[in-house]
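Q: Mind having a look at this structure? Questions to follow.
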Amino acid sequence: MRRLPPVLLEDGCPRELISLIRTVLAACKEISFRVGQGALSGVLGSTLDENIQGETQKKLDVLTNQLLKDILLESGYVKAIASEEEDFTVTGNPDANYIVAFDPLDGSSNTDINSLVGTIFSIMAAPEGSDPADPSIFMQPGKNQVAAGYVLYGPSTVLALTTGKGTRFFTLDKTHGTFLLTQDFATVPEETSEFAINASNQRHWQPPMQNYINDLIAGDTGPRGRNFNMRWIAAMVGDVHRVLCRGGIFTYPTDTKDPNKPNKLRLLYEANPMAMLIEQAGGIASTGTERIMDIQPDAIHQRVAVILGSKNEVETCLSYHLLKLP
């Protein structure tokens, strides 16, 4: 099995970018250890604070954010960072060439039940001559990403990574502390019979998604003429990993539950990196009306609808949305 740096060098990945990715992974290895300790680490449960999203912070949210923040800023490889747990962007090295956006611990509510969690990250080139204190340097569409990935903390610690040359899986060898290549190129099957959605929100969805999911649930008695299975981990990183491994469609659609927050997932550090990973594996990632990676961001914590996964099934889902367009 090959280590990560030689694989990326063969792809022509710049050495500075490789060093930055390794810096992210150094923090993730520490996070993997802390998560793996569970209750023994003394960091389970919630704090008394809320993040900028209005969500109650878990102790591990705070810890993992600080780990990533400190190691990235100390590395000198980043001009600025943006995090789910930070109100604003944080400045780094003014002379650095890259910016990083991340969700330090996606699915953190799962830590209390020993279920899947992960770290999601997106890397883009910093505009030349830009001010590291200017948050507008992050206002780039996802197609500008030079690398994207996640680290899934499960029975094994797995890195899904793309630098635009396909999506690969690396597994952390905990005996040596290195990520080893375990799947050279992931390919999302075009056909699937699995879908992932939070069905408890069904009454709040827009009609196109209501109709689409109803037809899936109807199975072989409905218009699709075959049965589908639902899977839901309640951590985007876990649900997307399953899609990358064996196909499926994952969606967190627009809903009316909170008129002030019609969408759940954040564009810069959740939707964009996952969209890049899925597209590099042959899948599709859309909001229902447009390609996710074509969206021009207007805020660091901007939220979008997400529909991603197996090509043919996502296209079928999108066809329901097109029927409702003017």
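The values are calculated or read from the model by the stated rules, or taken from the named source; none is laboratory data. In this text, all values refer to a predicted model and were calculated from it rather than measured experimentally. Don't worry about glycine lacking a Cβ; one is built from the backbone with ideal geometry, like all the others, and counts go over all protein chains shown. Note: areas computed on protein heavy atoms with side chains; ligands, DNA, RNA excluded. Shrake-Rupley method; radii C 1.70, N 1.55, O 1.52, S 1.80 Å.
Q: Exactly one condition in (1) in contact with a strand residue (DSSP E or B) (Cβ under 7 Å, 6 or more places away or on another chain); (2) farther than 25 Å from residue 13 by Cβ; (3) open to solvent by 20 Å² or more (accessible area, probe 1.4 Å) is not met by residue 88; state its number.
A: With (1) in contact with a strand residue (DSSP E or B) (Cβ under 7 Å, 6 or more places away or on another chain); (2) farther than 25 Å from residue 13 by Cβ; (3) open to solvent by 20 Å² or more (accessible area, probe 1.4 Å) applied to residue 88, the lone miss is (1).
Q: Report yes if some residue within region 257-264 is assigned to a helix (DSSP H, G or I) and open to solvent by 10 Å² or more (accessible area, probe 1.4 Å); otherwise report no.
A: Step one: filter region 257-264 for residues assigned to a helix (DSSP H, G or I), giving none.
No, region 257-264 has no match at all.
Q: If you don't mind, there's one more thing I want to ask. For residues that are under 17 Å from residue 310 (Cα atoms), hydrophobic (A, V, I, L, M, F, W, C) and in a helix (DSSP H, G or I), tally how many sit in region 210-256.
A: Residues in region 210-256 being under 17 Å from residue 310 (Cα atoms), hydrophobic (A, V, I, L, M, F, W, C) and in a helix (DSSP H, G or I): 8 in total.
Q: Can you go through 300, 278 and tell me which one is assigned to a loop (DSSP other than H, G, I, E, B), touching a strand residue (DSSP E or B) at 6+ places or on another chain (Cβ under 6 Å), touching a residue at least 60 places away in the same chain (Cβ under 8 Å) and surrounded by 15 or more Cβ atoms within 10 Å (Cβ to Cβ)?
A: Working: 278 fails: assigned to a loop (DSSP other than H, G, I, E, B).
Every option except 300 fails the conditions.
Q: Residues of region 1-30 being small (Gly, Ala, Ser) and either open to solvent by less than 20 Å² (accessible area, probe 1.4 Å) or under 23 Å from the mean Cα position of the chain (by Cα) (or both), which ones?
A: At the first step, the residues of region 1-30 found to be small (Gly, Ala, Ser) are 12, 19, 26-27.
Matches in region 1-30: 19, 26, 27.
Q: Filter region 39-79 down to the residues that are modelled with pLDDT of 90 or more and exposed (fewer than 13 other Cβ atoms within 10 Å of the Cβ), then identify the one that is farthest from residue 18 (Cα to Cα).
A: Checked region 39-79; the qualifying residue farthest from residue 18 (Cα to Cα) is 70.
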